[in-house]
Structure formats: structure tokens, C-alpha cells
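Inspection log for the structure reproduced underneath, given as C-alpha cells.
The values are calculated or read from the model by the stated rules, or taken from the named source; none is laboratory data. The model shown is predicted, which means the values in this text are computed figures rather than measured ones. Cβ placement follows ideal geometry from the backbone for every residue including glycine, while neighbour counts extend to all protein chains displayed. All accessible areas refer to the heavy atoms of the entire protein, side chains included, with ligands and DNA or RNA removed. Shrake-Rupley method; radii C 1.70, N 1.55, O 1.52, S 1.80 Å.
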Amino acid sequence: QLQLVESGGGLVQPGGSPRLSCAASGFTFSSYVMSWYRQAPGKERELVAAITSAGSTNYADSVKGRFTISRDNAKNTVYLQMNSLKPEDTAVYFCNAWTYNAYNKRAATVWGQGTQVTVSS
């Protein structure tokens, strides 16, 4: 069973530095692009950060310089280190795994259930 389980969310003060974790199981983790998305109340889900199997990263402009995505293929886990949090970072954060099979031209994606991050004093 393909599964992603996020952890590390909660109530954080402005300026805080929590780290989210996403543990994967049921698929070849190292072959997937891993991403973090977030969805704030009343807004669409947006990409926060992504990391390829080779370790290349991409970030939303709103989090560049504050957030860092990383992965540990030995532990089947992807992380999101969040620094200098702002109230506008408040959202449900979702982990995503994506891969494309060029042989059969099929993409596959897996979503976690999400973890709430609330930035408030």
C-alpha cells in the first residue's frame, strides 16, 4: 500500500523553526520526486518545495531562503525545515510523491493526509 505520513506540525510562534517529516512506504521512494504543498483556508493548494531523486530542489518564491527541503533515501523520508515562520505560513502542509514511467508513459502520485501548521503568538 502506497502511503505517506506527515508529522511535525502544530502551533508555532512567529519566527519559529519547526521541521516537518514525511515517511513513505509501499513504493520505491528513491525514484520519486518528493514535494511539499500547502493549503491555507480559502486558498488553493500551492507548491512549497520539491526535490528530485538526484537532489535538485525548487522553492516557491514566498519561502526561498527560509525553507529547506531534503530527503533521506535510506530512511524513505523527506523533510521540510521551516525557519523564520510568519503568520501567512499558516496552512495544512501536504507531502506528495510523483514519478513518471517513460516506458509505459504513466505518471503516479501519492498524497499524504496533511499536517496543520499554525503560526501565531
**Complete:** Going through the range 5-36 in order, the residues found to be of a type in the set (Val, Ile, Thr) and modelled with pLDDT under 95 are THR28
**Message:** Suppose we keep only residues that are in contact (Cβ under 8 Å) with a residue 12 or more places away in the chain and of a type in the set (A, V, I, L, M) within the range 68-87. Which one would you say is nearest to PHE29 (Cα to Cα)?
**Reply:** VAL78
**Asked** From the residues in the range 73-88 that are within 17 Å of SER56 (Cα to Cα) and among the hydroxyl-bearing types (Ser, Thr, Tyr), which one is farthest from the chain's Cα centre (by Cα)?
**Response** THR77
**Item:** Of all residues making up the range 39-53, the number that are touching a strand residue (DSSP E or B) at 6+ places or on another chain (Cβ under 7 Å) and on the phi > 0 side of the Ramachandran plot
**Value:** 0
**Request:** Note down all Cβ pairs under 6 Å where the first residue falls in the range 88-109 and is of a type in the set (A, V, I, L, M), the second is in a loop (DSSP other than H, G, I, E, B) and open to solvent by less than 70 Å² (accessible area, probe 1.4 Å), and they're at least six residues apart or on different chains.
**Result:** ALA91/ALA40; VAL92/GLY114; ALA97/TYR32
**Tally of residues being more than 12 Å from ARG71 (Cα to Cα), surrounded by 14 or more Cβ atoms within 10 Å (Cβ to Cβ) and of a type in the set (Ser, Thr, Tyr) across the range 12-60** = 2
**Request:** Give the residues of the range 67-86 that are part of a strand (DSSP E or B), under 20 Å from GLN3 (Cβ atoms) and not hydroxyl-bearing (Ser, Thr, Tyr), sorted by residue number.
**Result:** ILE69, ARG71, ASP72, VAL78, LEU80
